[in-house]
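Participant: Below you will find the structure I want to go over with you.
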Amino acid sequence: MNKTFRVLLANTVLIAAGVAALGSASAEEVVVIAPNAPPPVRYEVVPNARVGYVWDHGHWRWDHGRYVWAAGHWQAERVGFHWVPGHWDAFGPHYHWVAGHWA
């Protein structure tokens with residue numbers, strides 16, 4: 001291989017790796033900050049357990065300037081992981097939503 005072809009090949013590999021890295025970061029994290037604390041959590045009747053699923057409890061979500069209740073739902077289980085429920089964290093005078101995720 002001549003030097004020009006090797007440089008072209010190396011650049012192509014680097015560009016492809018960069019594009020692949022950008023493509024893998026496509027799951028966007030949405031930052032939600034509310035100006036005040038959410039209302040008290042609502043009581044939900046948890047349905048009977050389902051094999052292969054975990055229950056994700058309902059929570060208050062911030063939507064167009066107000067809190068709206070999002071009902072609980074089933075999450076398909078991921079082998080080797082455990083479900084960390086979403087929650088609101090106080091951040092100075094505001095509240096920041098930390099989305100539920102597998103860990």
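Bear in mind these aren't lab numbers, they're just calculated from the coordinates by the rules spelled out. Being a predicted model, the structure only gives us computed values, none of them experimental. As a convention, Cβ positions derive from the backbone with ideal geometry for all residues, glycine included, and neighbour counts pool all protein chains shown.
Participant: Please identify the chymotrypsin sites (Phe, Trp or Tyr not before Pro) of region 35-67 that satisfy two criteria: DSSP loop assignment and at most 13 other Cβ atoms within 10 Å. Which are they? Show your work: numbers first, answer last.
Facilitator: Numbers: sites: TYR43, TYR53, TRP55, TRP60, TRP62, TYR67; in loops: TYR43.
Loop-located and lightly packed - TYR43.
Participant: Take VAL46, VAL30 and order them by how many other Cβ atoms sit within 10 Å, fewest up front.
Facilitator: So the residues, fewest neighbours to most, are VAL30, VAL46.
Participant: Let me ask something else. Hey, can you grab everything whose amide H is under 5 Å from the amide H of ALA70? Only 5+ residues off in sequence or another chain; H modelled, so Pro and N-termini drop out.
Facilitator: Those lying under 5 Å, H to H, from ALA70 are HIS59, TRP60, ARG61.
Participant: Would you please give the FRET efficiency between GLN75 and ARG42, computed as 1/(1 + (r/R0)^6) with r the Cβ-Cβ distance and R0 = 25 Å, to the nearest 0.05?
Facilitator: On the way: r = 19 Å, r/R0 = 0.75.
The pair GLN75/ARG42 has a calculated efficiency of 0.85.
Participant: Please compute the length gained on full extension between ALA49 and ARG61, using 0.36 nm multiplied by the number of residues separating them and subtracting their Cα-Cα distance.
Facilitator: Gain in length upon complete extension: 1.8 nm.
Participant: Same structure again: Work out from phi, with θ = phi - 60° and the Karplus expression 6.51 cos²θ - 1.76 cosθ + 1.60, the ³J(HN,Hα) of each residue of region 59-68, listed in order in whole Hz, and give x for Gly and Pro.
Facilitator: 7, 7, 10, 8, 9, 6, x, 8, 7, 10
Participant: Still on this model: May I ask you to evaluate 6.51 cos²θ - 1.76 cosθ + 1.60, the Karplus curve with θ = phi - 60°, for each residue of region 69-79 and list the ³J(HN,Hα) values in order in whole Hz, giving x for glycine and proline?
Facilitator: Ordered by residue, 3J(HN,Hα) equals 6, 10, 5, x, 7, 7, 10, 5, 5, 10, 4 Hz.
Participant: If you plug each phi of region 35-45 into the Karplus form 6.51 cos²θ - 1.76 cosθ + 1.60 with θ = phi - 60°, what whole-Hz ³J(HN,Hα) values come out, in order, with x for Gly and Pro?
Facilitator: Coupling constants for region 35-45: x, 9, 5, x, x, x, 5, 7, 7, 10, 7 Hz.
Participant: Give me the net charge of GLY100's neighbourhood, meaning all other residues with Cβ under 14 Å from the Cβ of GLY100; Lys, Arg count +1, Asp, Glu -1. Could you put the intermediate results ahead of the total?
Facilitator: Details: positive: ARG61, ARG78; negative: GLU29, ASP56, GLU77, ASP89.
Overall, the nearby charge balance is -2.
Participant: Which residues' amide hydrogens lie under 5 Å from the amide hydrogen of GLU77, considering only partners 5 or more residues apart or on another chain, with H built in the peptide plane?
Facilitator: TYR53, VAL54
Participant: Quick check on the exposure proxy: order GLU29, GLU77, GLU44 from fewest to most C-beta atoms within 10 angstrom.
Facilitator: Working: GLU29 7, GLU77 15, GLU44 12.
Least crowded to most crowded, the residues run GLU29, GLU44, GLU77.
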